[in-house]
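Quick notes on the structure that follows.
The values are calculated or read from the model by the stated rules, or taken from the named source; none is laboratory data. Source: prediction; values computed, not measured. For neighbour counting, all protein chains shown are included, and Cβ atoms are generated from backbone atoms with ideal geometry for every residue, glycine included.
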Amino acid sequence: MGIAVTLTATGGVDQMQLLERAPQSPGPKEIRIRHEAIGVNFLDIYHRKGIYPLPSYPAVLGAEGAGIVDAVGAEVTLLVPGDRVAYAGAPVGAYATTRLLPAGRAIKLPDRVGSRAAAASTLKGMTAYMLLNRTYTVKPGTVILVHAAAGGLGAILVRWAKHLGATVIGTVSSEEKAALARSHGADHLIVGRDADLVQQVLELTGGRGVDVGYDGIGGAMLAKTIQCIRPFGTAVSFGQAAGPIPPVSLDQLRPNRALAHPSIMAATGDQAFYAEAAAALIDAFRLNITAAIGEEFALSDVAKAHTELEAGRTTGSLLLIP
């Protein structure tokens, strides 16, 4: 028997229950994964709270994991028991000792990439690929703004952007997190939640502004991010860790700024994009572009992991270990 973290209804961490569950038998085109590590993301909190509703409840949370193929369906030919794999996106259900997954969603891992690194990096890496290559094409000389540059996504976004030749301005809440962001390669850091973001960005860019600003913070931050964008640049809103985003008027985009609102769950739902992003991710892993692991929790301590992440007391990626 294993366990599955089951969300009975949307709400607080008290809505997550640990239930015993026997390993399930895979369908013809499915595999069963025995998890070695499970990634924790703000997306999971959005699902738990109902900000991004799941199709039905009760439901098992989690959109990222890595482990060993335990069993395969009759029509699965490219994977065998014992293969090491990772996955990200839909269908959710990672918060469990074992789970079933469509075989086409499994990404075979190189021997040098451990399950912990893969579970910390797969969804975040695909998000970084989407942000840096699809939402805005980052290339040598591009100047970017990355909020929460010491976080799980922030670390991989900074590292990948530097590999592409970008100049990275990061924001962090403390000097401790600033040191981490510098170790990931950030060129400039704006420290403190009360910092004058717009003024400091303009000073760092000689009054020009950044080419693209990546905002997963939400709340009142998006309006400030837009003000940091140069004419014909792009502000990218892809999360709301600080709360709902107030309505944005077209006047806020003057002069000549664009606003993008990409969704990694929608993107990875396209199997062609998923395969493209997976191939790019494996290449990134070979370059040691992975998320930094901040803290590990037992799967049974999932409520504590959510609480710490939501409170902003973490750095790097968080993992659940079955």
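Kindly evaluate V210 against the criterion of being crowded, with 20+ Cβ neighbours inside 10 Å and under 17 Å from L189 (Cβ atoms). First the steps, then the outcome.
Numbers: crowded, with 20+ Cβ neighbours inside 10 Å: yes; under 17 Å from L189 (Cβ atoms): yes.
Against the criterion (crowded, with 20+ Cβ neighbours inside 10 Å and under 17 Å from L189 (Cβ atoms)), V210 qualifies.
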Next item on the list: Identify the residue in segment 151-197 that is within 20 Å of the chain's Cα centre (by Cα) and of a type in the set (S, T, Y) and, among all such residues, is nearest to I226 (Cα to Cα).
Entry: T171
Notebook entry, point to check: Checking V13 against (1) buried (at least 24 other Cβ atoms within 10 Å of the Cβ); (2) out of contact with any strand residue (DSSP E or B) (no Cβ under 7 Å at 6 or more places or on another chain), which single condition isn't satisfied?
Noted result: (1)
Note to self: Given (1) in contact with a Lys or Arg (Cβ under 7 Å, 6 or more places away or on another chain); (2) assigned to a strand (DSSP E or B), identify the lone condition not met by V236.
What the structure shows: (1)
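Got a sec? Which strands (runs of 3 or more DSSP E) wholly within segment 138-192 have at least 1 residues that are more than 19 Å from T315 (Cβ to Cβ) and among the β-branched types (V, I, T)?
Values: elements: 143-146, 167-172, 188-191.
Once the strands (runs of 3 or more DSSP E) in segment 138-192 are filtered for at least 1 residues that are more than 19 Å from T315 (Cβ to Cβ) and among the β-branched types (V, I, T), what remains is 143-146, 167-172.
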Check: What is the one condition in (1) within 16 Å of P26 (Cβ to Cβ); (2) assigned to a strand (DSSP E or B); (3) out of contact with any Lys or Arg (no Cβ under 6 Å at 6 or more places or on another chain) that A86 does not satisfy?
Finding: (1)
Margin query: Restricting to segment 16-28, and then to whatever is in contact with a strand residue (DSSP E or B) (Cβ under 6 Å, 6 or more places away or on another chain) and among the aliphatic types (A, V, I, L, M), can you tell me which residue is surrounded by the fewest Cβ atoms within 10 Å (Cβ to Cβ)?
Written below: L19
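Name every residue in segment 243-272 that is under 25 Å from the mean Cα position of the chain (by Cα), surrounded by fewer than 15 Cβ atoms within 10 Å (Cβ to Cβ) and in a helix (DSSP H, G or I), in order of residue number. If you could, list the steps in order and put the result at the bottom.
Looking only at segment 243-272, we keep the residues that are under 25 Å from the mean Cα position of the chain (by Cα), and these are 243-248, 258-272.
From the residues that got through so far, the ones that are surrounded by fewer than 15 Cβ atoms within 10 Å (Cβ to Cβ) too are 243-244, 246-247, 258, 261, 263, 266, 269-272.
Selection gives A266, Q271, A272.
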Next item on the list: Name, by its number, the condition in (1) touching a residue at least 40 places away in the same chain (Cβ under 8 Å); (2) on the phi > 0 side of the Ramachandran plot; (3) not aromatic (F, W, Y) that does not hold for L153.
Entry: (2)
Item checked: Count of residues meeting criterion [part of a helix (DSSP H, G or I), at pLDDT 95 or above and crowded, with 18+ Cβ neighbours inside 10 Å] in segment 304-322 -> 2
Next item on the list: Take the residues in segment 54-78 that are surrounded by 17 or more Cβ atoms within 10 Å (Cβ to Cβ) and in a loop (DSSP other than H, G, I, E, B), then tell me which one is modelled with the lowest pLDDT.
Entry: L54
Next item on the list: Return the residue satisfying two criteria in turn: it lies in segment 273-287 and is of a type in the set (A, V, I, L, M) and over 14 Å from K108 (Cβ atoms), and of such residues it is surrounded by the fewest Cβ atoms within 10 Å (Cβ to Cβ).
Entry: L287
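Quick check: is even one residue across segment 115-134 surrounded by fewer than 21 Cβ atoms within 10 Å (Cβ to Cβ), modelled with pLDDT under 95, out of contact with any Phe, Trp or Tyr (no Cβ under 9 Å at 6 or more places or on another chain) and assigned by TED's automatic domain parsing to the domain that holds I31?
As a first pass, look at segment 115-134 and keep what is surrounded by fewer than 21 Cβ atoms within 10 Å (Cβ to Cβ): 116, 133-134.
If we keep only those that are modelled with pLDDT under 95 too, we end up with none.
Within segment 115-134 (the criterion being surrounded by fewer than 21 Cβ atoms within 10 Å (Cβ to Cβ), modelled with pLDDT under 95, out of contact with any Phe, Trp or Tyr (no Cβ under 9 Å at 6 or more places or on another chain) and assigned by TED's automatic domain parsing to the domain that holds I31), the answer is no, since none of the residues qualifies.
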